[in-house]
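Report on the structure given below.
The values are calculated or read from the model by the stated rules, or taken from the named source; none is laboratory data. Everything quoted here is computed from the prediction, not taken from an experiment. Glycine also receives a Cβ, built like all others from the backbone with ideal geometry; neighbour counts cover every protein chain displayed.
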Amino acid sequence: MNLRVISKPAQAVQSAPVLTALEAVAIARKLAPKFAERAAHAEKIRRVPEESIEELNASGLLRLMQPKRFGGSELGLGSLMDVVLEICKGCSSTAWAYSNLASHSWNIGQFELQAQEDVWGTDPFALAATGFAFPCGKAVPVEGGYKVSGKWPFGSGVDASTWMLVGAMTEQNGGAPQRRFFLIPQADFKSQDNWQAYGLGGTGSHDVHATDAFVPEHRSVSAEIFAAGQNLPGAKLYSNKLFQMPTFAAFAYVLAIVPLGTAKAAVEQFTDTMRNRAGTYTGSRIAELASVQARIAEAAACVEFAETVIRRDWTELETSVENNEFPSMETKLRWKRNAAFATSLAVRSIDALMPAAGAAGLSLHLPLQRQFRDIHAASSHIGLTWDVHAAAYGQSALGLQPQGGLLL
């Protein structure tokens, strides 16, 4: 087992700015070429490079959704999505880890104030990875809190994190176990250096272990409160409706924007390349081939349809919370259906481009092969898998109870 923590730049981080939405996007656009230069290196070392984490920290982007009380920008889901779309132009692994880490600061802001003080009181730049698979953890109530043990997979960004936000099943005096979230400090968990994957290889999504870690009551929240978005401790602290947002309803967007952004970047980069490329054997312009033209059209249409519905749905979510309205189960299932289908369109987009790229598309020196692998890897996440969310929506539409275990 190995836990590696990425250091923060001492001077730059201390002056990390509070950002507006436009400033955040501009910074992400400026950083994306640097992430692109490191994309192959990220895959080789199987985590986001230290330089990239330092730049994201120093720029203020990693505190995009963190409460202003602790120096964050307190921007919403829409701003996160716009930033991730820019980062995807450089490196999808960096975008995946960033989207997770930045959104987790929002989740921590939904805990009690004392929990937030524990995390950011002495280090306002502290980051947290997550393990949301509840059956992988067990929590036993003890005096003052809980003893938490478990092994959680896919702790994306754990190398840069000094906290873990994990889910566990909690014993309830002989009743059915209940789902709860727990904040665990670095001293009480270990990451296993075992992330070996063909796609999103640079995310450092290692397994994370904890054994009998004591978690005080204030660092635990019922998963059902998180799901509803009502009675969240953090919502009582801040006027920003962001901290009142039902977490599970937003979860799919935090993930889906990465395959969408990757597909969007691939279409733009592929189209630019093909404008002046000549065929290796014929010497004729590739741009004049009707098959290439049609594939670009198909790929671009997939991206545009996917982005349109995702933007519409997350705007609907944010607007409903602003109006103190909370989504019904049917609405949540529709949103998750759409996020999964949008992801399938991103997959279709990249699959349309690969044959048109020819043998050059296989080159490890070009981004298309990595984008292809990253999109297929992202689409395998249970939060984005079409078969899972299509079935759940169909069950509800037919008057049946959706399968258990989904984050709804």
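Per-structure values
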| item | result |
| --- | --- |
| Condition met for residue 93 (touching a Leu at 6+ places or on another chain (Cβ under 6 Å), assigned to a loop (DSSP other than H, G, I, E, B) and at pLDDT 95 or above) | no |
| Odd one out for residue 174, checked against (1) surrounded by fewer than 16 Cβ atoms within 10 Å (Cβ to Cβ); (2) under 21 Å from residue 212 (Cβ atoms) | (2) |
| One residue from 228, 213, 160 being over 30 Å from residue 91 (Cβ atoms) and crowded, with 18+ Cβ neighbours inside 10 Å | 213 |
| Number of the condition not met by residue 395 [criteria: (1) among the polar types (S, T, N, Q); (2) surrounded by fewer than 17 Cβ atoms within 10 Å (Cβ to Cβ); (3) under 18 Å from residue 228 (Cβ atoms)] | (3) |
| Hey, residue 80 modelled with pLDDT of 95 or more, assigned to a helix (DSSP H, G or I) and farther than 18 Å from residue 238 by Cβ or not | no |
| Identity of the residue in the range 18-48, within 18 Å of the chain's Cα centre (by Cα) and outside any helix (DSSP H, G or I), that ends up farthest from residue 74 (Cα to Cα) | 46 |
| Selection count, the range 311-348, where residues are out of contact with any Ser or Thr (no Cβ under 9 Å at 6 or more places or on another chain), of a type in the set (S, T, N, Q) and assigned to a helix (DSSP H, G or I) | 3 |
| Residues of the range 48-105 classified as of a type in the set (S, T, N, Q) and closer than 26 Å to residue 193 by Cα, total | 9 |
